[in-house]
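Asks: Pasting a structure here, questions to come.
The values are calculated or read from the model by the stated rules, or taken from the named source; none is laboratory data. None of the values given here were measured: they were computed from a predicted structure. Glycine gets a Cβ as well: all are built from the backbone with ideal geometry, and neighbour counts include every protein chain shown.
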Amino acid sequence: MKEKRHLIIIGFMGTGKTTVGRELANRMNLPWVDTDRYLEERWGFAISEYFRKFGEPAFREQETEILKEILQGPPSLITTGGGIVLRPENRMMMQRQGWVVHLYAHPDEIIRRVSGDGNQERPLIQGDVREKVWRLFREREGKYDFADLKLDTTSCTVNQAVEQILAFWH
Ligand code: S3P
């Protein structure tokens with residue numbers, strides 16, 4: 001039983017954090033908080049609009065602030081934006097205050113997933129999706145490695161990922 005700390009889901013865009021998070025939230029006795037949704041609710045507009053208005057550095061500040069706030073709250077299931085691992089400060093806080101699960105997927109599979117509808121929500125991979133995903137993926141290599149559990153979602157179902165996380169948790 002790991003219930004005195006948070007359960008934190010990290011991973012690159014398109015690795016299934018939100019989908020897996022939603023299913024986990026139904027199966028666990030923990031409140032679910034998503035850093036991106038939390039920020040959008042607070043601002044009253046979308047992440048993509050925030051990037052357009054204020055840029056990425058301002059977004060990263062906000063992301064760290066909201067992470068701190070959530071980590072100070074009651075033990076929760078926390079899903080995060082793919083870039084939350086960029087700051088060493090964030091990685092350290094998550095490692096200390098939660099059990100961290102890294103959802104991985106091969107970049108080709110990520111490209112397939114994010115190329116469908118709804119990608120206008122992802123400001124960092126507009127335009128040449130393939131080139132941008134590969135570039136960010138390489139830049140972020142190793143930054144997710146502090147996790148307590150790594151799951152490859154390239155070819156597993158949402159349910160399989162959820163079962164493995166629940167087994168890890170209990
Ligand atoms: C980002 C990922 C997004 C969102 C923002 C930046 C990133 O979240 O936080 O667009 O830097 O990887 P998802 O991973 O949920 O798409």
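Asks: Output the residues belonging to region 14-46 that are within 11 Å of the ligand (Cβ to nearest atom), part of a helix (DSSP H, G or I) and β-branched (V, I, T).
Replies: T18, T19, T35
Asks: May I pose another question? So, of the residues in region 73-107 that are assigned to a helix (DSSP H, G or I) and of a type in the set (V, I, T), which turns out to be surrounded by the most Cβ atoms within 10 Å (Cβ to Cβ)?
Replies: Among those that are assigned to a helix (DSSP H, G or I) and of a type in the set (V, I, T), it is I84.
Asks: Now a separate question. Out of curiosity, is S115 at pLDDT below 95, more than 9 Å from the ligand (Cβ to nearest atom) and hydroxyl-bearing (S, T, Y)?
Replies: yes
Asks: Looking only at region 36-85, which residues are of a type in the set (S, T, N, Q) and more than 16 Å from Q95 (Cα to Cα)?
Replies: Result: S48, Q62.
Asks: Here are some residues: I70, I110, I66. Which one is touching a strand residue (DSSP E or B) at 6+ places or on another chain (Cβ under 6 Å) and outside any loop (DSSP other than H, G, I, E, B)?
Replies: Checking each option against the conditions leaves just I70.
Asks: Same structure again: Consider region 51-72. How many of its residues are buried (at least 16 other Cβ atoms within 10 Å of the Cβ) and either within 13 Å of the ligand (Cβ to nearest atom) or more than 14 Å from W32 (Cα to Cα) (or both)?
Replies: 8
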